[in-house]
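The values are calculated or read from the model by the stated rules, or taken from the named source; none is laboratory data. Just so we're clear, the structure is a prediction, and the values are computed from it rather than from any experiment. Please note: Cβ atoms are built from the backbone with ideal geometry, for glycine as well, and neighbour counts cover all protein chains shown. In case anyone asks, the SASA skips ligands and DNA or RNA and just uses the protein heavy atoms, side chains included. Shrake-Rupley method; radii C 1.70, N 1.55, O 1.52, S 1.80 Å.
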Amino acid sequence: MIKYQFAYNNEGDLINISDLNSVNRHNPTYLCVGCGNEMIARLGSMKTHHFAHKAQLECSGETYLHQLGKKVFFNTYNECLEKNIPFCIELEQKTYCNHFESQFGVKCPIHKKPASFDLTKHFKSITFEKREGNFIPDLALISDSTGRKIFIEIAVTHKSSSYKLKSGYRIIEFEIEKESDLDSIKNRKISFVNRSIGFYHFDTKPIIKDNCCGKCHKDHHLLTLDKKGSILLREMPLDQIDLILKQSKKFLKVHEVSPVPPVSSAGKFLNAIGRFSNSGLKVRNCYICKYHAKNTNPYYDHEGPIFCKFHKERG
């Protein structure tokens, strides 16, 4: 059950119950943020201080939280604009190492870190429930110079429609279950690490730089076909791949370097055998021999995946 922590005064200002005391609790009249009916301040010593409706009536807690969320964001953002206070968002930004990109054609994903942006530097206006095309966002931040918009949505029990999320507009959606969920707004800093906040159509430019200086510790696949037709798939860091290729370059017919897939590498190996063989390259491998069969021994990991019907042995 919601303990109403906020109400409007006669002038439409949002009042927090923590700002009231025994002196000012009755003046002025307080009105419900959700239904607009009169409220009284409960400041007893036994229960958490809160506003309560003066008369018994039905008031939707969902409506209260929805209206409160919009008002808190509107007031907070306007205060930031008026007093030149930053209102920051943190977005996920990817980083890649490109040391071996020219050599092997791969960029290593390093990590994801927050990139911070002050919305008030670019979006100098905010509107309240103003129609945009076929839908009405709860709030919209507008750039005076470019006209670009960011929609702000307050979701209590119903998240934004798929139509709205697929509109292409940048949207920040807050999932609100209780009043404390609005703290990130009041603190003027919202981040992608907060699971109750959704960012849609925000694309941050990745950082691409030489991060390892040639000492790569991230495993990649090295697929080689030597001049005798032997094919080999190995997994190792790029600096070791670089060393192996320099040492064995004169013995190799083909080599390929690629990221390690999240699933088994067996498919990649078998696909390479077929590709190389079909392209006319000399390939010597049991998988393309008519005498090979699948090893049905449940312990084949210690013996090899293939059974040779010609030599009558596993390998």
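Observations on the model:
- Residues within region 98-142 that are part of a strand (DSSP E or B) and at pLDDT 90 or above, tallied: 11
- Flag: K250 does not match the condition of being in a helix (DSSP H, G or I), more than 27 Å from the chain's Cα centre (by Cα) and closer than 30 Å to H111 by Cβ.
- Screening I89 with (1) within 30 Å of D210 (Cβ to Cβ); (2) open to solvent by 70 Å² or more (accessible area, probe 1.4 Å); (3) modelled with pLDDT of 90 or more gives one miss only, at (2).
- Complete set of residues in region 46-82 that are in contact with a Gly (Cβ under 8 Å, 6 or more places away or on another chain) and either assigned to a loop (DSSP other than H, G, I, E, B) or among the small types (G, A, S) (or both): C59, S60, G61
- Residue in region 35-52 that is among the aromatic types (F, W, Y) and closer than 18 Å to F174 by Cβ present: no
- Of all residues in region 1-12, none are in contact with a Lys or Arg (Cβ under 9 Å, 6 or more places away or on another chain), part of a loop (DSSP other than H, G, I, E, B) and aromatic (F, W, Y).
- Pairing residues of region 84-100 that are within 20 Å of D183 (Cβ to Cβ) with residues that are of a type in the set (S, T, N, Q) and not in a loop (DSSP other than H, G, I, E, B), at Cβ distances under 6 Å and at least 6 apart in sequence or on separate chains, gives F87/T120; C88/S116; E90/S116; E90/S191.
- Taken over region 143-163, the criterion of being closer than 15 Å to Y200 by Cβ and either modelled with pLDDT of 90 or more or of a type in the set (D, E, K, R) (or both) is satisfied by R148, K149, I150, F151, I152, E153, I154, A155, K159.
- Top-ranked residue of region 8-36 - restricted to ones that are among the small types (G, A, S) and under 20 Å from Q56 (Cβ atoms), ranked as surrounded by the fewest Cβ atoms within 10 Å (Cβ to Cβ): G36
- Top-ranked residue in region 280-309 [being modelled with pLDDT under 70, closer than 19 Å to L232 by Cα and assigned to a loop (DSSP other than H, G, I, E, B); ranked as farthest from the chain's Cα centre (by Cα)]: E303
- Residue in region 175-232 that is most open to solvent (accessible area, probe 1.4 Å), counting only those that are within 17 Å of C88 (Cα to Cα) and of a type in the set (G, A, S): S196
- Check on K253, charged (D, E, K, R), on the phi < 0 side of the Ramachandran plot and at pLDDT 80 or above: yes
- Looking across region 10-30, the residues that are within 39 Å of the chain's Cα centre (by Cα) and either closer than 23 Å to T157 by Cβ or touching a residue at least 24 places away in the same chain (Cβ under 8 Å) (or both) come down to L14, I17, S18.
- Residue match in region 154-166 (condition: surrounded by 16 or more Cβ atoms within 10 Å (Cβ to Cβ), in contact with a helix residue (DSSP H, G or I) (Cβ under 7 Å, 6 or more places away or on another chain), touching a residue at least 12 places away in the same chain (Cβ under 8 Å) and closer than 20 Å to I89 by Cα): yes
- Exactly one residue out of S258, S264, S277 is farther than 18 Å from F100 by Cα, open to solvent by less than 100 Å² (accessible area, probe 1.4 Å) and modelled with pLDDT of 75 or more: that is S277.
- In the set (1) modelled with pLDDT under 90; (2) touching a strand residue (DSSP E or B) at 6+ places or on another chain (Cβ under 9 Å), the condition left unmet by G44 is number (2).
- A residue that is closer than 28 Å to L119 by Cα and not small (G, A, S) occurs somewhere in region 19-42.
- Any hit, region 116-128, residues being touching a Lys or Arg at 6+ places or on another chain (Cβ under 9 Å), in contact (Cβ under 8 Å) with a residue 40 or more places away in the chain and open to solvent by 20 Å² or more (accessible area, probe 1.4 Å): yes
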